[in-house]
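Have a look at the structure below before the remarks.
Please treat every number below as a calculation from the coordinates, not as lab data. The shown structure was predicted, so the numbers you read here are calculated from the model rather than taken from an experiment. A quick note on method: Cβ atoms are made from the backbone with ideal geometry, for glycine too, and the neighbour counts reach across all protein chains shown.
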Amino acid sequence: MKHTIVLLPGDGIGVIVLNESVRVLKKAGFEADYIYGDIGWEFWKKEGNALPERTIKLLAQHKTALFGAITSKPKDDAVAELDTSLKDKGFTYSSPIVGMRQLFNLDICIRPCKSYKGNPLNFVRRGRTGAIEEPAVDVVIFRQNTECLYSGVEWSNPPDPVYQAFMTHPKFRQNFGNVPREDLAISSRIFTRKATERILMAAFEHAAKYGYKSVTVCEKPNVIRETSGLMLKLAKKIQKEKFPSIALWDTNIDAQMMWLTKNPEDYGVIVAGNMFGDIVSDGFAGLIGGLGFAASANLGEQVAVFEPTHGSAPKYAGYPIPIVNPIAMIEAACLMLDHLSETDKASRIRNAIKQVIAEGKVRTYDMMRFTGSPDVIDKGAASTVKMTDAIIEKL
């Protein structure tokens, strides 16, 4: 079956790394029609919408997308860059990836963090005897993708119905009842039972399918009792009734970040709400080499979008020779192949990446611990294209 893939380059280096991932897909024998969609900062500036309706229609029709990266700026900065004809007309910038997640209910986010042997950026520690150890990290974070603090339900200077509703809570009255309303900014942390059960089931099913021995709920139920408490309560029920052979652990997000470098090899699947899932996935990504190696799948019941977790890094986009690491984007393409049941091709690509990293002959600037600048190529760093070429050669 030939697939149709919507390509969403976005901004900055997103354009560069997306093109490299397509080169790898083609070399691996993945047959697809590729259709480009408009998304990103230029469309915000020109149209007041970083995710145009025409792109939404493409996603609805073709269901699967590879997404590069987008530039995102604070509210006032975003408005300042609008075309003059659009200013003072009520346009408000919102993140396109958050928009896609909410429009298509891409509520399951999967972020694998697996170290490649030979990567000079892998986490190392000193063992009990003083010897240097490099633990093998193989963690998959399941992040609830549409709720929590990312739902966008928030107010500055809350209107009467919102303010009066909050005033019914004794702790709000006690701590904030005397604060002038215009000095209040409120964000809501919302969990629903259905979405929470869905992300927990996905996490346990993944653990069962791929042989992970534990699922860890990483939240803060001792303080955020209602929302984090709901996730932990449902996890205990699901584990007991459906996955008794898989151990259920729970950690507080703050403690988890402290323990991150203590015993990362002990963790398997981690599941969390939107905010804490975002935090812990970046933490584990740091153990395997950083954002140049971190990819993400955003899955709904119909539509799926795959992306690297790094940003658009616009300062690197204009270099005469691209220097950024394309591996995260290529890993995102592998996640897409897994989703489309093209697992053999995904395995071949990952094995090619594994061989290139193990040999150590081709390394991008981040792998050589250089600061990103145009002269890193002269210092021996591989360009974006050269790294892709090396992976293709192994294929």
Spacing of the two label points (7 Å from each Cα toward its C-beta) at S94 and K209, in nm: 3.0
Per-pair calculated FRET efficiency, R0 = 22 Å: H3 and L103 via Cβ, rounded to 0.05: 0.55
T4, T55 arranged by Cβ crowding within 10 Å, fewest neighbours leading: T4, T55
Relative packing of peptides 126-136, 222-232 - highest average C-beta neighbours within 10 Å first: 222-232, 126-136
Residues S373, S85, S115, sorted so that the one with the fewest Cβ neighbours within 10 Å comes first: S85, S373, S115
Inverse of mean 1/r across different Cα pairs in the chain, Kirkwood, Å: 22.5
Distance-filtered residues of region 64-97 - backbone nitrogen under 17 Å, label point 7 angstrom along I35 Cα→Cβ: 64-67
The chain, helix-only ellipticity at 222 nm - DSSP H runs n ≥ 4, -39,500 (n - 2.57), divided by all residues, nearest 500: -12000 deg cm²/dmol
Sorted by Cβ neighbour density within 10 Å, fewest at the top, the residues Y93, Y210: Y210, Y93
Residues of type aspartates and glutamates that K386 reaches as a straight line, Cα spacing below 13 Å, ignoring anything fewer than 8 places off in the same chain: E20
Length-normalised contact order of region 250-395 in % [C-alpha pairs under 8 Å, at least 6 apart]: 20
Coil-residue trypsin sites (Lys or Arg not before Pro) of region 270-364, DSSP, other Cβ within 10 Å capped at 10: K361
Mean separation of Cα contacts under 8 Å (6+ apart) over length of the chain, as relative contact order %: 22
Among the listed pairs K26/K315; K262/K354; K27/K345; K345/K394; K45/K89; K45/K75, those beyond 20 Å (Cα-Cα): K26/K315; K262/K354
For region 276-395, convex hull of alpha carbons as volume per residue, Å³: 116
Dipole-positive endmost among L337, I13, G229 within the chain (Cβ charges, Cα centre): G229
J(HN,Hα) series, region 334-351, from Karplus relation 6.51 cos²θ - 1.76 cosθ + 1.60, nearest Hz, glycine and proline x: 5, 4, 5, 4, 4, 4, 8, 6, 9, 5, 4, 5, 4, 5, 4, 5, 4, 5
For region 5-81 versus region 309-365, the gap between their alpha-carbon centres in whole angstrom: 17
Debye, to nearest 20: dipole size of region 245-366, +1 on Lys, Arg Cβ, -1 on Asp, Glu Cβ: 560
Kirkwood-based Rg to Rh ratio, region 109-198, C-alpha trace: 1.27
FRET E, pair E301, K57, Förster distance 25 Å, beta-carbon r, rounded to 0.05: 0.85
FRET efficiency, 1/(1 + (r/R0)^6) with R0 51 Å, evaluated for D83 and T261 via beta carbons: 0.60
Farthest positive-ward along the chain dipole, Cα basis, beta-carbon charges - from G29, G40, A78: G29
Dipole magnitude (debye, nearest 20) for region 350-395, charges at Cβ of Lys, Arg, Asp, Glu: 220
Cα-based reach from K237 at 28 Å (exclusive), listing lysines while leaving out same-chain residues under 8 positions away: K194, K209, K213, K220
Segments 150-156, 174-180 sorted - mean Cβ within 10 Å per residue, highest first: 150-156, 174-180
Net dipole in debye of the chain [+1 Lys, Arg Cβ; -1 Asp, Glu Cβ; about Cα centre; nearest 20]: 980
Percentage relative contact order, region 5-85, counting C-alpha pairs under 8 Å, at least six apart: 45
Interchain or long-range residues, amide H under 5 Å from C113's placed H: V139, V140, I141
